[in-house]
Amino acid sequence: MEEGIIKKCGIAILKGEVIAFLINIIGLIILSAIVTYSTISDNSIPTLVISINTLAILIGSSIATIKLEKNGIVNGLIIGAIYIIIYLLISLIFAGNISFSIRTILIIILGIIAGGIGGIIGVNLNRKK
């Protein structure tokens, strides 16, 4: 029975990652269109990217943990942490380095917190059904 629980959590985590990255890609495409055709200043773009990342993790972990009956916060934290690790690895590949600035630390902290909160929301949405 323990193996079934681990498999269920693993599938939820994978599902959360896929959903979060899809939401992030869609959000960044929309943001790029808005920036192209509006007068949004370049200084606000990093804040908007952080917001899109955080929202993507929150939604991804919420949707992924709906089917789980418990440990939503743990699974959500894992989803947030894995998302951030993949995000930083992609940044490393394309940028060549990762500078640990205040923004990077903020992305890490907000991503993990959003994952945990999303996990709590998802498990509690399941209980209301």
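Read-outs throughout are calculated quantities, based only on the coordinates presented, and are distinct from any laboratory measurement. Quantities reported herein were computed from a predicted structural model and do not represent experimental measurements. Reconstructed Cβ throughout: ideal geometry from the backbone, glycine too, with neighbour counts over all protein chains shown.
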Quiz item: Does any residue of region 35-43 turn out to be among the hydrophobic types (A, V, I, L, M, F, W, C), out of contact with any Phe, Trp or Tyr (no Cβ under 9 Å at 6 or more places or on another chain) and more than 20 Å from residue 111 (Cβ to Cβ)?
Solution: yes
Practice problem: Mind listing whichever residues of region 60-92 are closer than 15 Å to residue 107 by Cα and among the polar types (S, T, N, Q)? | Solution: 91
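Considering only region 23-35, state which residues are closer than 18 Å to residue 85 by Cβ and surrounded by fewer than 16 Cβ atoms within 10 Å (Cβ to Cβ).
Going through region 23-35, the residues closer than 18 Å to residue 85 by Cβ turn out to be 23-25.
Listed by number, the list holds a single entry, 25.
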